[in-house]
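**Q** Right, I'll just put the structure down here and ask away after.
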Amino acid sequence: GSHEVNEVFLDNVRVPAENLVHKEGQGWTVAKYLLGYERLNSGRIAPSKRQLARLKQLASQVCDDGVPLLDDPRFRDAMTQVEVELMALEITNLRFLDEMRRTGRPPGPEVSLLKLKGTAIQQGLAELMMQAAGPLALREYVQYVQADLAAQDDDADAFLAAITSRYLNQRKVTIYGGSDEIQRNIIAKMSLGL
Amino acid sequence: MNFDYNDEQRQFADALGRFVAKDYGFEARKAIVASASGASDSVWQTLAELGVLALPLAGEHGGFDGGAVDLMPVMEAFGDALLVEPYLSTLGLAAQCIARSGSAAQQAAILPLVASGEMKLAFAHAERAARYRPQSVAMRAVRSATGWILDGEKCMVLHGPLANRVVVSARTAGAAGERDGISLFLVDPAAPGVTHKPYRTVDEMPAADMLFSQLALDDDALLGVAGGALPVIEDVLDFATALVCAEAVGAIAYANAQTLEYLKTRRQYRTTIGSFQALQHRMVEMMISHEQARSMACLVCVKVDTETDPVARSRIVSAAKIRIAQACRLVAAESVQMHGGIGMTDELKLSHTFRRLMVIARQFGDMDHHLARFAQLDRSLMDRAIAL
């Protein structure tokens, strides 16, 4: 419900010849080169580690029938699955960086898996935050974006509502920067030769 | 077994289909959501004229003695249309409390006005620390010379700002979390001592936190037996859960139809994206989710109408909620994903269906809550069978 992206219209825009990037007709080659690096970062590992820490803190505070969610085996196991996946992803990322360093090659098609797993982890964490926040999170966030936060008498509400907003917004991460389906096609075709 | 609608149910389904097509298209709904009150009085009057408000009420109050099964086509239509009017809170929750525990006088004073469309109701039960436990009531009601004094806070009161009367749960005995000692009261929200903090829910409905500051009530505000309301509350919550299960079926059907249409028409890489086997298989999973959701909705609506053992009834309600929550999550996520970027935009009705599906998945208990409740109830039934 909030404003984040724009349509940009280019109407007979004049560009100086010296502003041509690389060679004429080679735009897609340049784009593919850039996309490899974008995918290297789309894992969002550091932000997800911070989100996981926030999730654990919330789960330690939220109690159901006197038991913190952190100690509820069902919730804990779901959190563990995501945490373990994140650990594996971090090492995979480091291994890919190490290979690039040793061989001097740019990111290969296999870095698509960093985006695939990284975005699944982002969405998994958002889902668990929603779960921890419980029924109170089912409020519309937009009014907090537009209102003066200082005027809000309950920051706890703003915190909860932000969880919902993030949950909705993160549906895009498996779509942008090359959708999950594209990433799988890239691996299948370029890495596996299928 | 006959899973078809009977003639009366089909008539309601047809009438509602015509109403939605004519008066509740996406543009009409957008205008209603953007309005100050967030719901339409003229839509509510149309629902009254169609007999939809009267459907689940007793004949003696102007109703049609309908049960959850009779409400299935209604709720499905609302799920498809993404109705924001206070049907669930009025007929699915508050009116059910009054019908099940109110005195003849209390019922006669309220229910005919609900059937005619003159009164909207809300149910103020959830509290800040409660999560999904119905017995987590801490707000208190103490005896006074002339009746009761209510003091405390309720949150996420669905359609609270629109209600003419609110059914409020409060503790007349016992500690927070105990099963005994909860009572229900009929409250006029315009009374001094009641304040609202209104907002919208993520699925675009008006709601409010309600603060009760030393609210004085007469004796006749008490619904049913003091301290004995929890079984009624659980009964009503199970009924409302069955209704949102049916509503989910309608929303899922819409999301599936939209996605299927998109797969068949959207072209990329010189062909329709529906020709890609990976997407075909996922669309099949969405279709299977719809069928399984429909089946569980049928089962749960029959059960809440006919099962007299609360343990057996609640077990099925939890089973249905588990399966339907899974279906809601899968269909919501896949339908947006397969639409790509436009699935993220407010301009597409589907993104609003996503919101309703994500709320239904958590309404009246999320997956973990119902997994735990099913296990506990299933165990009770097993122990009971072993004991025989």
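**Q** Show me B:75-83, A:126-134, A:82-90 ranked by packing, highest mean number of other Cβ atoms within 10 Å first.
**A** B:75-83, A:126-134, A:82-90
**Q** Report, ordered by chain and residue number, the lysines lying within cross-link reach of A:K23, taken as a straight Cα distance under 27 Å and ignoring same-chain residues fewer than 8 apart.
**A** Filter leaves A:K32, A:K189.
**Q** Please list, in order along segment B:104-112, the HN-Hα scalar couplings obtained from phi with the Karplus expression 6.51 cos²θ - 1.76 cosθ + 1.60 (θ = phi - 60°), rounded to whole Hz, x for Gly and Pro.
**A** The phi angles translate into 4, 5, 4, 5, 5, 6, 10, 4, x Hz.
**Q** As a check on your grasp of the helix formula, calculate [θ] at 222 nm for chain B: sum -39500 (n - 2.57) over DSSP H runs of n ≥ 4, divide by the residue count, round to the nearest 500.
**A** Here the helix-only value at 222 nm equals -17500 deg cm²/dmol.
**Q** Give me B:W148, A:W28 sorted ascending by neighbouring Cβ count inside 10 Å, so fewest comes first.
**A** Fewest to most other Cβ atoms nearby, the residues stand as A:W28, B:W148.
**Q** Now for a different question. Is there a simple number for the mean count of other chain Cβ atoms within 10 Å of the Cβ of residues in A:129-139, and what is it?
**A** 6
**Q** So if each residue of separation counts as 0.36 nm, and I subtract the Cα-Cα distance between A:R95 and A:Q81, what length gain in nm does that give?
**A** 2.9 nm
**Q** Separate question: Please figure out what share of the DSSP beta bridges in the protein assembly as shown is antiparallel and state it in percent, rounded to the nearest 5.
**A** 85
**Q** Taking the Cα centre of each part, how many Å lie between segment B:1-64 and segment B:97-142?
**A** Using only Cα atoms, the two centres lie 22 Å from each other.
**Q** Quick one: dipole size for the protein assembly as shown, taken about the Cα centre, charges +1 on Lys/Arg Cβ and -1 on Asp/Glu Cβ, in debye to the nearest 20.
**A** Here the size comes out at about 2380 debye.
**Q** Okay, moving on. Select from segment B:261-361 those GluC sites (Glu not before Pro) which occupy a DSSP coil region and have at most 11 other Cβ atoms within 10 Å, ordered by residue number.
**A** B:E347
**Q** Could you give each residue of segment A:47-53 its phi-based ³J(HN,Hα) in whole Hz, using Karplus coefficients 6.51, -1.76, 1.60 with θ = phi - 60°, and x for Gly or Pro?
**A** Coupling constants for segment A:47-53: x, 5, 5, 5, 4, 4, 5 Hz.
**Q** OK, next. What do you get for the angle between helix A:112-133 and the principal long axis of chain A? Use alpha-carbon atoms, 0 to 90 degrees, nearest ten.
**A** That works out to roughly 20 degrees.
**Q** Moving to a separate point now. Based on the Cβ-Cβ distance from B:N164 to B:A129, what FRET efficiency comes out when R0 is 22 Å, to the nearest 0.05?
**A** Efficiency, from the Cβ-Cβ distance: 0.15.
**Q** What are the lysines whose alpha-carbon lies under 17 Å from the alpha-carbon of B:K154, with same-chain residues fewer than 8 places away excluded?
**A** Correct list for B:K154: B:K197.
**Q** Only Lys, Arg, Asp and Glu count, each charged at its Cβ (+1, +1, -1, -1), so figure out the dipole size of segment B:7-119 about its Cα centre, rounded to 20 debye.
**A** 260
**Q** To continue, here is another question. What's the angle, to the nearest 10 degrees (0 to 90), between helix B:68-81's Cα axis and the longest principal axis of chain B?
**A** 60
**Q** Given charges of +1 on the Cβ of Lys and Arg and -1 on the Cβ of Asp and Glu, with all other atoms neutral, how large is the dipole of chain A about its Cα centre, in debye to the nearest 20?
**A** That gives chain A a dipole magnitude of about 1100 debye.
**Q** Mind listing the phi-derived Karplus ³J(HN,Hα) values for segment A:172-186, rounded to whole Hz, using 6.51, -1.76 and 1.60 with θ = phi - 60°, and x for any glycine or proline?
**A** After applying 6.51 cos²θ - 1.76 cosθ + 1.60, I find 6, 5, 8, 10, 7, x, x, 5, 3, 5, 5, 4, 5, 4, 4 Hz.
**Q** Name the residue farthest towards the positive end of the dipole of the protein assembly as shown from the options A:V30, A:V5, A:G118, assuming +1 on Cβ of Lys and Arg, -1 on Cβ of Asp and Glu, about the Cα centre.
**A** A:V30
Where a number appears in this text, it was derived from the coordinates with a stated rule and is not lab data. Everything numeric in this text was worked out from a predicted model, so none of it was measured. In this analysis, Cβ positions are derived from the backbone assuming ideal geometry, glycine residues included, and neighbour counts consider all displayed protein chains.
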